[in-house]
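The values are calculated or read from the model by the stated rules, or taken from the named source; none is laboratory data. Because the structure is a prediction, the values reported are computed rather than measured. Note that each Cβ is placed from the backbone with ideal geometry, even for glycine, and that neighbours are counted across all protein chains shown.
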Amino acid sequence: MKNFEADEINRVPMKVAIGLMREAFQMLSEGSVKVPLRTVMETEDKSGLSLFMPSYAPAWNLFGLKMVTVFPGNQPPNPVIQGKMILMDAVHGQPLATLDAASLTALRTGAASGLATELLSRPNSSSLAIFGTGAQARTQVAGVVAVRKITRILVKGTTPKKEEDFCRLISEEYAIPCESLAAPENLREVDVVCTATTSAVPLFKLAHLKPGTHINAVGSYKPHLRELSEEVIRSCRLVVDQRAAVLHEAGELAIPIQEGTLTPDSIYAELGEIVAGKAGRQSDQELTVFKSVGNAVQDLAVARYLSDNECRA
């Protein structure tokens, strides 16, 4: 049984990963894969949690199960996200591979945002703002720059040091100027915004955004967390990875729906429906949002690609 560590997963080209997400999301929206809602178990002191995410693709004859822990308070050398995915044959039940879950999660999440940016942002988008400075934030940059000609990046982290380190890494890797986001009002200078945080409160207001902005919101994954305000959700064309999962897990919708100020009809489409041909952005002035809580079929698609290429090597 092959074990794919982080370095092998990180070598998957982002454009390849975006293509894998295109296929995976269309299959998800068509109902040709089975992806139950994830199981979440939290520690007694609420300091961390474990997520269990199964998947089954009959067309691929594959089962997958990703298991990760998330401990937001971890400091180096202990990463915030740790875990493994196991890939299994669905013909005879043979275990085929294990994969490092943290790098897998970062890659497929960045690729999903790349796909959403390609389908929903204005084609001439050239500037990007990132909330977050971790591994997820880095692959958000990779996903967006793979589909749009980005010439300027702004970043907002929890400390100036983290922003400085992030900008140095990004500038070295992509040769794109990167600087700190001085104030939320500076978001009016950018075309695409990515949020990759665990914030429980909205990160900015609708008034901070310029018309035509596209947002990829991928950080919040529990019903009490929300990176985007209700005002932003009300004002956008909202596309999600999977309706059932987002309604269950994303605070951006769960909180206002529970309060009776929003309904599930606020969701315009799943990303797979846009891939299949449903209209996306309607005008250059429209605010578009891709809200993702992550889906196990994304992991299965990448695991299949790595396993297939290993067999052909």
Residue among Ala106, Ala112, Ala116, Ala182 that alone is in a helix (DSSP H, G or I) and without any contact (Cβ under 8 Å) to a residue 60 or more places away in the chain
Ala106
Screening Ala250, Ala269 for residues that are under 24 Å from Pro184 (Cβ atoms), of a type in the set (Gly, Ala, Ser) and not assigned by TED's automatic domain parsing to the domain that holds Met27 leaves only Ala250
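Output yes when any residue across segment 262-271 is under 15 Å from the mean Cα position of the chain (by Cα) and either assigned to a helix (DSSP H, G or I) or modelled with pLDDT under 95 (or both), and no when none is. Steps first, please.
Start the filter on segment 262-271 by keeping residues that are under 15 Å from the mean Cα position of the chain (by Cα), which leaves 270-271.
Those left that are additionally either assigned to a helix (DSSP H, G or I) or modelled with pLDDT under 95 (or both): 271.
Within segment 262-271, one or more residues are under 15 Å from the mean Cα position of the chain (by Cα) and either assigned to a helix (DSSP H, G or I) or modelled with pLDDT under 95 (or both).
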Flagged in segment 54-72 as under 18 Å from Glu23 (Cα atoms) and either part of a loop (DSSP other than H, G, I, E, B) or polar (S, T, N, Q) (or both), in numbering order, are Ser55, Pro58, Ala59, Trp60, Asn61
Failed item in (1) assigned to a helix (DSSP H, G or I); (2) more than 19 Å from the chain's Cα centre (by Cα), with Met88 passing the rest:
(1)
Condition (residue is among the polar types (S, T, N, Q) and either in contact with a strand residue (DSSP E or B) (Cβ under 7 Å, 6 or more places away or on another chain) or surrounded by 20 or more Cβ atoms within 10 Å (Cβ to Cβ) (or both)) applied to segment 238-251: is it met by at least one residue?
yes
Does Gln75 meet the test of being part of a loop (DSSP other than H, G, I, E, B), among the polar types (S, T, N, Q), without any contact (Cβ under 8 Å) to a residue 24 or more places away in the chain and over 21 Å from Asn186 (Cα atoms)?
yes
Subset of segment 119-133 that is part of a loop (DSSP other than H, G, I, E, B) and over 21 Å from Ser180 (Cβ atoms) - its residue that is nearest to the chain's Cα centre (by Cα)
Ser121
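Every residue, every condition in (1) farther than 30 Å from Asn3 by Cβ; (2) assigned by TED's automatic domain parsing to the domain that holds Arg304, yes or no:
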{"position": "Met88", "(1), (2)": "no, yes"}
{"position": "Thr98", "(1), (2)": "no, yes"}
{"position": "Leu119", "(1), (2)": "yes, no"}
{"position": "Asn124", "(1), (2)": "yes, no"}
{"position": "Thr133", "(1), (2)": "no, no"}
{"position": "Arg152", "(1), (2)": "yes, no"}
